[in-house]
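Participant: First the structure, then my questions, so here it is.
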Amino acid sequence: MSIRIGLIGAGAMGVHHGETLAFELGCEVAAVADIDLTRAAALADRIGTEATDDPISVITDADVDAVVIASADSTHEPYALACLELGKPVLCEKPLAPQASAAGRILAAEQEMGRRLIQVGFMRRYDADYRRMKAALEAGNLGSPLLMHCVHRNPSAGADFHSAWMITSSVSHEIDILRWLTGTEIVEATAVHGRSVLEDIHDPQLILLRTSDGLVADVEFFARAHYGYEVRAELVLERGTVSMGMPSGLQVRTDNQLVTPVTPGFVERFAPAYRAQLRDWLVAVRSGRQDGPSAWDGYATAVVADACIASQSSGGPVPVDLPTRPALYH
Ligand SMILES: NC(=O)C1=CN([C@@H]2O[C@H](COP(=O)(O)OP(=O)(O)OC[C@H]3O[C@@H](n4cnc5c(N)ncnc54)[C@H](O)[C@@H]3O)[C@@H](O)[C@H]2O)C=CC1
Ligand SMILES: O=C1[C@@H](O)[C@H](O)[C@@H](O)[C@H](O)[C@H]1O
């Protein structure tokens, strides 16, 4: 069955998803929408489709079977709700919404529908390194996980990428991956900051997360790390450690130095994961069975993010108040 996709957002991720769908996955993109029509038109021209500055018209278009939402974080809620109203499957970029209250409204609407239509773009679950880490953990021979160390660095960020946004847009990946790897929920969050590269934004930040079975994870997030893009993780278990993400490209020895490239950005680091995520989502849309990261995963992450942000103000640990997981997501 051929599926016609409506794409909302023609910024960095919209372009990447649009090109992957059209050129690598042989998928028909029915239209591209962005409030910036120039951006929408540039992408639409490249992939041979229509452009509009009216995203709702793409969602309501009878010829659009499913929707990819890759517009700015704060716009996800109205577009996801409009898709749910029409029963259209959605791949919604992370975060599902920047606040738990908004994510909760999407979760409630999907429950009312009574079937899963939303997949959240937590693409790290499709990354080969994280998958190997999960397999090593589940093999069981290293015992139970005790600690997790995470490093997440972006090369640069705009002046508006403030302390709370760093949590909802970036640390949200570690929140999701910790829940996914361990199969437990996070019960407490603490945000710590010290010296910063800016006066009015905490950058870098250290986030401590405690899971329901006592594992503690530390996450260093540094939005303006300057040198490149890096995501690393190490699990400390009872009988060993598992780590991933060390630079692993070509090694050149020159001028008394050993030089190894670091990826410049998330697209270069995670392109295979974005592709695998889209491929699996298309399979799910065709079969009508969603089993990727769910609206519940998006909501649970947003609740933990809220606690991290509350801790940025209070300076101390903040309990995570997550309701019981609804039956739809078991
Ligand atoms: N999964 C991942 O690794 C990544 C996910 N993202 C997520 O993807 C989404 C897009 O991020 P980027 O492409 O990096 O941002 P961007 O700033 O490059 O593009 C965002 C686009 O949204 C458009 N837009 C803003 N308001 C809109 C509205 N009301 N309706 C339609 N379009 C609107 C803007 O005009 C812009 O073209 C965000 O939710 C972001 O958090 C971003 C980077 C990586
Ligand atoms: O989602 C993403 C960006 O929005 C965010 O800014 C980066 O920190 C993440 O690594 C990337 O995956």
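Here, each number is a calculation from the coordinates, and none is a lab measurement. None of these values were measured; they are calculated from a predicted model. All Cβ positions, even for glycine, are placed from backbone atoms using ideal geometry, and neighbour counts span all protein chains on display.
Participant: Could you calculate the contour length gain from V283 to H226, that is, 0.36 nm times the residue separation minus the distance between their Cα atoms, to one decimal place in nm?
Facilitator: Here the answer is 16.7 nm.
Participant: Using the Cα gyration tensor of segment 253-330, with a ≥ b ≥ c the square roots of its eigenvalues, what is the shape: rounded (a/c below 1.5), prolate (a/b larger than b/c) or oblate (neither)?
Facilitator: In terms of gyration-tensor shape, oblate.
Participant: Counting only DSSP beta bridges with both residues in the chain, tell me the antiparallel percent, nearest 5.
Facilitator: Percentage antiparallel, nearest 5: 55.
Participant: Further question on the same structure: When 1/r is averaged over all different Cα pairs and the result inverted, which Kirkwood radius in Å belongs to the chain?
Facilitator: 20.6 Å
Participant: Here is a further query. What's the FRET efficiency of E185 with N256 using the Cβ-Cβ distance as r and R₀ = 41 Å, to the nearest 0.05?
Facilitator: Efficiency for this residue pair is about 0.25.
Participant: If you don't mind, there's one more thing I want to ask. Checking the a/c ratio against 1.5 first, then a/b against b/c, what shape does the Cα gyration tensor give for segment 137-190?
Facilitator: prolate
Participant: Taking a quarter of the surface of the convex hull around the Cα atoms of segment 190-330, what do you get in nm²?
Facilitator: That works out to 13.1 nm².
Participant: Moving to a separate point now. When the convex hull of the Cα atoms of segment 192-268 is projected onto a plane and the area is averaged over all directions, what value comes out in nm²?
Facilitator: Taking the Cα atoms of segment 192-268, their convex hull projects to 8.3 nm² on average.
Participant: Next question. List residues of segment 224-260, by number, whose backbone nitrogen lies under 20 Å from a label position 7 Å along Cα→C-beta of D213.
Facilitator: So the set is 234-243.
Participant: How far apart, in nanometres, would the label points at R131 and V192 be if each is projected 7 angstrom from Cα along the Cα-to-Cβ direction?
Facilitator: 3.5 nm
Participant: Which FRET efficiency value, to the nearest 0.05, do you get for L147 and V267 by plugging their Cβ-Cβ distance into 1/(1 + (r/R0)^6) with R0 = 30 Å?
Facilitator: Efficiency for this residue pair is about 0.50.
Participant: Between segment 77-129 and segment 237-288, what's the alpha-carbon centroid distance in Å?
Facilitator: About 25 Å separates the Cα centre of segment 77-129 from the one of segment 237-288.
Participant: Please get the size of the charge dipole for segment 48-195, origin at its Cα centre, with Cβ charges of +1 on Lys and Arg and -1 on Asp and Glu, quoted in debye to the nearest 20.
Facilitator: Approximately 800 debye in magnitude.
Participant: What shape does segment 38-180 have by the C-alpha gyration tensor, where a ≥ b ≥ c are the square roots of the eigenvalues, rounded means a/c under 1.5, and otherwise prolate means a/b greater than b/c and oblate the rest?
Facilitator: Prolate shape, in that a/c is at least 1.5 and a/b is the bigger ratio.
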